[in-house]
Amino acid sequence: MKAYKKGRIIENVEISKDIYKMIIDVNLSAEPGQFFMFRTESFRDEPLLSRPFGVCDQSSGSLTLLYQVVGEGTDIMADLTSNHEVKLLGPLGNGFNLENSANKKIAVVAGGIGIAPLLYLVKNLESKVDFYAGFTEDPYFIDEFRPYVDNVTCASFKKDGIFVTELFDPNDYDLIYACGPNGMLKSIHEKNTSAELQISMESHMACGIGACLGCTVESSDGEFLRVCKDGPVFNSKEVFS
């Protein structure tokens, strides 16, 4: 059974309103799309569970995560400073399948903080891709993608009045990787008739290893899938009918 690894924060900076990038001195050897459970001793002051985060980027000896301050746990995280000790469990879950990505026309689609696990994905694809990103407010983290993709198209609903799903036709592609709100993922699935669509699901998690069943979603055939153990990446046909 996996055990928590200790690491120390190298950097924890706000890159946009309530959006933080944290770099940790630790090596998890994760695959694109996998995630880890994060905790700190500061969580002991309140009855807080570990928090799940997708691998945003990694290199030898360091791991990058991107997170949005939306509650008590991430509010505590935003106040953590360099050299603070944290604990990570992972890598966990099933990531994106890259085996059949060579020589394919590919789109990568992000919705809001769903952009987080997609940077490490595009850095590991053999072919450059078209990258689409949608945000409620101002776009963020887009420039990190430019060296690894052919085209970047983004929209802010507040400024442009459109959703990311209106920026492209799924049927123009052979393969689509997407991460964001479930409504966005379902919309892409419903418009798609020909592309392979791999989706990274967002869900509340407690254990991260499939034991508590707190992250289950209903599958297209009426069964239940554990996002942490069976996913977080699925073929969209497994989830949406």
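Computed from the coordinates by the stated procedures, all read-outs in this text should not be read as laboratory data. Quantities reported herein were computed from a predicted structural model and do not represent experimental measurements. Cβ sites come from the backbone with ideal geometry, for glycine too, and all protein chains shown count toward neighbours.
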Fill in the blank from the handout: GluC sites (Glu not before Pro) in segment 96-179 lying in a DSSP loop, each with at most 12 other Cβ atoms within 10 Å of its Cβ, come to 99, 126
Problem - DSSP beta bridges in the chain [antiparallel fraction, %, rounded to 5] - result: 60 percent
Handout entry: Top positive-direction residue, dipole computed over the chain with Cβ charges, set 188, 93, 122
Key = 93
Exercise for the section: Enter the mean projected area of the convex hull around the alpha-carbon atoms of the chain, in nm², rounded to one decimal. Expected result: 12.8 nm²
Practice task
Rounding to the nearest 20 debye, state how big the charge dipole of the chain is about its Cα centre with +1 on each Lys and Arg Cβ and -1 on each Asp and Glu Cβ.
Solution key: 520 debye
Practice task
Using Cα pairs closer than 8 Å and at least 6 residues apart in sequence, work out the relative contact order for the chain, in percent.
Solution key: 18 percent
Problem - Dipole magnitude (debye, nearest 20) for segment 70-181, charges at Cβ of Lys, Arg, Asp, Glu - result: 220 debye
Practice task
Treating the angle as unsigned and between 0 and 90°, give the value, to the nearest 10°, between the Cα long axis of helix 182-191 and the longest Cα principal axis of the chain.
Solution key: 20 degrees
Fill in the blank from the handout: Mean 1/r over distinct Cα pairs of segment 1-143, inverted to a Kirkwood Rh in Å, yields 15.9 Å
Fill in the blank from the handout: Helix-only [θ] at 222 nm, the chain, -39500 (n - 2.57) per DSSP H run of 4+, per residue, nearest 500, equals -3000 deg cm²/dmol
Completion exercise
Checked against a 31 Å limit on the C-alpha separation, the offending pairs among 128/158; 87/186; 159/186; 6/158; 6/123; 21/128 are 87/186; 6/158
Fill in the blank from the handout: One finds the C-alpha centres of segment 131-162 and segment 100-115 to be spaced, in Å, by 13 Å
Completion exercise
Amide H contacts under 5 Å for residue 11, restricted to residues at least 5 apart in sequence or on another chain and with H modeled in the peptide plane, are 23
